[in-house]
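Values in this text are rule-based calculations from the coordinates and carry no lab data. All figures in this text were calculated on a predicted structure; none of them were measured in a lab. Cβ: placed from backbone, ideal geometry, glycine included. Neighbour counts: every protein chain shown.
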Amino acid sequence: MALRADIERDLPGFKLRVSLDCQEKTLGLLGGSGSGKSMTLRCIAGLDKPTRGRITLGGRVLFDSKEGIDLPPQQRRVGFLFQNYALFPHLTVAGNIAMGLRGMKKHEQKKTIKEMVAKVKLEGMENRFPRQLSGGQQQRVALARALVLQPEVLLLDEPFSALDNHLRGEMEQELKDLLGSYDGSSVFVTHNLEEAYRLCPNLLILEDGNVIAGGPREDIFNNPPNLATARITGCQNLSRIRIRKDNTVEALDWGCVLHVNSNNMPSGASYAGIPSRYIRPAGKDDLINAMHCRVINVIESPYQVTLSVKLLGRESNNLSCLKLSVQNEEWQRIISQGLEEFKICLPPERVFLTF
Amino acid sequence: MDMLPLWISLKTSLSATFLAFVLGVTAAKLMSVYRGRLKSVLDGVFILPLVLPPTVVGFLLLVLFGRHGPLGKVLTALFSTTVIFSWSATVIASTVVAFPLMYRTARGAFEQVDPHMLDAARTMGIPESSIFTRITMPLAWPGIAAGTILAFARALGEFGATLMLAGNIPGKTQTIPLTIFFLVESGQRDKAALWVLIIIVISLAAITGLHYWTSHQIPAGGQPER
């Protein structure tokens with residue numbers, strides 16, 4: 001079911017301007033706190049009222065400020081999974097799921113609840129209260145409660161933020177499976193970029209109430225259309241540039257000349273960037289974009305070290321560091337060979353130019 | 001001993017509690033959604049009977065329900081009666097002084113309910129009226145129940161406004177607090193002490209009864225225990 005929203009909401013000190021188009025799959029809304037992602041979801045669900053705009057779901061108009069249409073949330077058929085799950089604490093698991101099934105015959109209701117409970121693997125817990133469940137189980141109840149009503153779109157507001165790391169991964173997989181068997185579309189809000197990448201084929205990046213990028217996840221992560229998007233996708237290596245001839249740019253903040261792929265050369269670009277995972281210690285065969293550097297800082301993690309380095313050659317205090325990660329074993333090898341000869345390589349196909 | 005004051009007191013305070021409950025919960029619910037400019041003024045008016053001396057409340061009620069008062073005129077025109085110095089007057093006086101306690105605690109209880117839960121219910125297609133009866137009220141119930149008991153205790157103990165609006169008519173408007181006052185006044189302290197004991201027993205029973213009952217309810221509250 002296609003969800004289309006083109007909405008504006010004016011608040012004192014904040015303006016939301018979002019336009020999104022969610023087809024069959026999962027759309028990820030990525031942005032920092034206060035960027036307007038939750039407000040967007042609330043507007044779609046009818047819990048907040050946009051100042052202007054139009055929201056359609058399939059063939060139905062949910063909201064249209066010009067035509068004066070504003071369906072109450074009860075009539076929108078939009079499922080909502082809240083950050084804290086918002087389970088009804090005075091009702092059991094079955095009671096929570098049954099709450100939305102009023103008007104259904106008792107035996108049908110029982111059957112539906114049974115199926116749903118099985119689907120989210122909560123058999124035997126029907127009569128427990130939310131406070132008797134773990135965080136992961138609570139989330140499954142919240143999902144069951146929303147999905148049992150067969151919503152045309154499911155909105156998920158940072159569903160994993162209340163879980164610890166271990167459960168997060170587990171629930172993410174479960175959610176992925178559940179979403180796979182659910183034939184509506186879904187909008188997933190998060191500030192965690194890896195989570196967004198893993199769960200959503202398409203992303204929309206919000207900053208300060210505005211959409212600053214949108215499209216397939218690979219495009220956004222490998223070729224962010226602007227500096228803010230590059231930062232949100234976690235790219236730490238960004239430099240102002242001066243464009244030169246022959247597919248090269250001068251990276252002003254790093255103090256070097258970089259080769260870039262010719263099809264990566266948008267005219268008028270003013271920044272170059274490369275995600276730290278793509279910078280690697282240069283081997284003997286690396287001739288392009290391989291440069292000597294000085295290690296400024298080393299941060300050790302269990303399996304890898306994060307290095308901050310400055311390029312040698314043009315000594316200047318104004319240059320900024322490049323960040324890269326290397327595996328622990330490789331780092332030991334580099335140290336044993338002596339740091340004077342340490343070279344890094346910025347593969348030209350991985351360097352992106354942006355605005 | 002004439003037990004009529006006990007009967008009148010119970011009848012009055014239970015009726016007043018019922019009225020204060022309905023009016024207080026309704027006012028609290030309406031005020032929790034009302035966003036207009038008059039919000040703080042209205043809130044002040046609702047709380048006023050709690051902070052004013054009971055005699056002032058009684059005086060204002062006399063003005064309102066008197067033969068020439070705005071409400072008094074309406075009652076006279078419709079039913080050709082006046083409520084002053086009748087049993088209804090004891091109920092009105094008790095309701096007015098008990099109302100702020102019910103209103104204030106109910107409002108506090110409603111504000112404690114996680115708004116996300118109500119939003120979740122809305123997206124589940126549950127109509128607003130059912131959300132109120134099946135989610136808001138059960139979740140706010142401990143607070144509402146406490147407010148009801150406070151309102152009952154306040155209505156049971158009402159003296160000043162009742163005396164001014166209903167007078168002290170034995171067998172009709174003479175509640176236990178009035179009885180105690182006039183017994184002491186006429187030097188019958190032993191009888192007064194007995195009534196004092198009775199009113200303490202009723203109040204204590206109400207409060208411990210409530211405590212026992214709420215502690216056996218399913219504890220509400222949004223957060224998990226583990």
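Cα to Cα, under 17 Å, and not fewer than 8 places away if on the same chain: which aspartates and glutamates meet these conditions relative to A:K310?
A:E250, A:D253, A:E340, A:E341
Please compute the length gained on full extension between A:Q236 and A:K25, using 0.36 nm multiplied by the number of residues separating them and subtracting their Cα-Cα distance.
Result: 73.0 nm gained on full extension.
Relative to the Cα centre, what is the charge dipole magnitude of chain A, using +1 at the beta carbon of each Lys and Arg, -1 at the beta carbon of each Asp and Glu, and rounding to the nearest 20 debye?
880
Relative to the Cα centre, what is the charge dipole magnitude of segment B:4-215, using +1 at the beta carbon of each Lys and Arg, -1 at the beta carbon of each Asp and Glu, and rounding to the nearest 20 debye?
The calculated dipole for segment B:4-215 is roughly 360 debye.
Please list, by residue number, every one of the trypsin sites (Lys or Arg not before Pro) in segment B:65-130 that is coil in DSSP and has at most 11 other beta-carbon atoms within 10 Å.
Passing sites in segment B:65-130 are B:R67.
All other residues with a Cβ under 14 Å from the Cβ of A:F14 taken together, and with Lys, Arg as +1 and Asp, Glu as -1, what is their net charge?
With Lys, Arg at +1 and Asp, Glu at -1, the neighbours total 0.
Identify all aspartates and glutamates with a Cα-Cα distance to A:K49 below 18 Å; exclude those on the same chain that are fewer than 8 residues away in sequence.
Qualifying aspartates and glutamates at Cα under 18 Å: A:D6, A:E8, A:D10, A:D64, A:E67, A:D70, A:D157, B:D119, B:E128.
In percent, how large is the relative contact order of chain A, given Cα pairs closer than 8 Å and 6 or more residues apart?
17
For segment B:4-215, what is the number of Lys pairs with C-alpha distance below 29 angstrom, counting only pairs 8 or more positions apart or on separate chains?
7
When a/c reaches 1.5 or more, the comparison of a/b and b/c decides; with that in mind, is segment A:23-63 rounded, prolate or oblate per its Cα gyration tensor?
Oblate, since a/c reaches 1.5 and b/c is not below a/b.
In segment A:216-248, which trypsin sites (Lys or Arg not before Pro) are in a loop and have at most 15 other Cβ atoms within 10 Å, using DSSP for the loop call?
Listed in order of number, the matching sites are A:R244, A:K245.
Once you've got the GNM for chain A with C-alpha springs shorter than 10 Å, pick whichever of A:P12, A:P216, A:P72 has the biggest mean-square fluctuation.
A:P12
What is segment B:1-110's relative contact order, in percent, from Cα pairs under 8 angstrom and six or more apart in sequence?
47
Under a Cβ-Cβ cut-off of 11 Å, what is the net charge of the residues other than A:Q236 that fall near it, where Lys and Arg count +1 and Asp and Glu count -1?
With Lys, Arg at +1 and Asp, Glu at -1, the neighbours total +3.
What Rg and what Dmax come out for segment B:4-215 when only alpha-carbon atoms are used, in angstroms?
Expressed in Å, the Cα Rg and Dmax of segment B:4-215 come to 19.3, 67.
What percent do you get for the relative contact order of chain B when only Cα pairs under 8 Å and 6+ apart count?
In percent, rounded to a whole number, it is 30.
Where the convex hull is taken over the Cα atoms of segment A:170-226, what is its projected area averaged over directions, in nm²?
Computing the convex hull of the Cα atoms and averaging its projections yields 4.4 nm².
Calculate one ³J(HN,Hα) per residue across segment A:30-40 by plugging θ = phi - 60° into the Karplus curve 6.51 cos²θ - 1.76 cosθ + 1.60, and present them in order as whole Hz with x for glycine and proline.
The phi angles translate into 10, x, x, 6, x, 8, x, 5, 5, 4, 4 Hz.
Which of A:A146, A:A118, A:A98 ends up with the largest GNM mean-square fluctuation for chain A, with Cα atoms connected below 10 Å?
Of A:A146, A:A118, A:A98, the most mobile in the Gaussian network model is A:A118.
If you take the C-alpha gyration tensor of segment A:100-241, multiply each eigenvalue by 5 and take the square root, what semi-axes do you get, largest first, in whole Å?
36, 16, 11
Classify segment A:244-293 from the C-alpha gyration tensor, please: rounded if a/c falls under 1.5, else prolate or oblate depending on whether a/b exceeds b/c.
Prolate shape, in that a/c is at least 1.5 and a/b is the bigger ratio.
What number, in nm² with one decimal, is the all-direction average of the projected area of the convex hull of the alpha-carbon atoms of segment A:286-353?
5.5
In Å³ and rounded to a whole number, note down the convex hull volume per residue for the Cα atoms of chain A.
176
In segment A:135-214, which chymotrypsin sites (Phe, Trp or Tyr not before Pro) fall in coil by DSSP and have 14 or fewer other Cβ atoms within 10 Å?
Here no chymotrypsin sites (Phe, Trp or Tyr not before Pro) fit, given the DSSP loop and packing criteria.
List, in order, the whole-Hz ³J(HN,Hα) value for each residue of segment A:190-207 obtained from phi through the Karplus relation with A = 6.51, B = -1.76, C = 1.60 and θ = phi - 60°; use x for Gly and Pro.
For segment A:190-207, the Karplus curve yields 7, 10, 9, 6, 5, 4, 4, 5, 5, 9, 10, x, 10, 10, 10, 9, 10, 9 Hz.
Bin width 10 Å, alpha-carbon pairs only: give the P(r) of segment A:235-354 as whole percents, running from 0 to the bin holding the largest distance.
Spelled out bin by bin, segment A:235-354 gives 14, 48, 31, 8, 0 percent.
Using Cβ contacts closer than 10 Å as the measure, can you line up B:Y103, A:Y278 from fewest to most?
A:Y278, B:Y103
Pull out a ≥ b ≥ c, the square roots of the eigenvalues of the alpha-carbon gyration tensor of segment B:69-154, then state rounded if a/c is under 1.5, prolate if not and a/b is larger than b/c, and oblate in the remaining case.
Prolate is the answer for segment B:69-154, as a/c is 1.5 or above and a/b outweighs b/c.
Any lysines with Cα under 22 Å of the A:K110 Cα? List them, leaving off those in the same chain fewer than 8 positions away.
List returned: A:K119, A:K121.
With labels modelled as points extended 7 Å from the Cα through the Cβ direction, what inter-label distance (nm, one decimal) is found for B:K172 paired with A:T51?
6.5
Project the alpha carbons of segment B:158-221 onto their principal axes and report the range along each, largest first, in whole Å.
Cα spread of segment B:158-221 along its principal axes, largest to smallest: 51, 28, 17 Å.
I'd like the Karplus ³J(HN,Hα) series for segment A:17-25: coefficients 6.51, -1.76, 1.60, θ = phi - 60°, whole numbers in Hz, and an x wherever there's a Gly or Pro.
9, 10, 10, 9, 9, 10, 8, 2, 8
Can you list the residues, at least 5 places off or on another chain, whose amide H is less than 5 Å from the amide H of A:A2, using H built in the peptide plane?
Amide H to amide H, under 5 Å and 5 or more residues apart or across chains, A:A2 pairs with A:G58.
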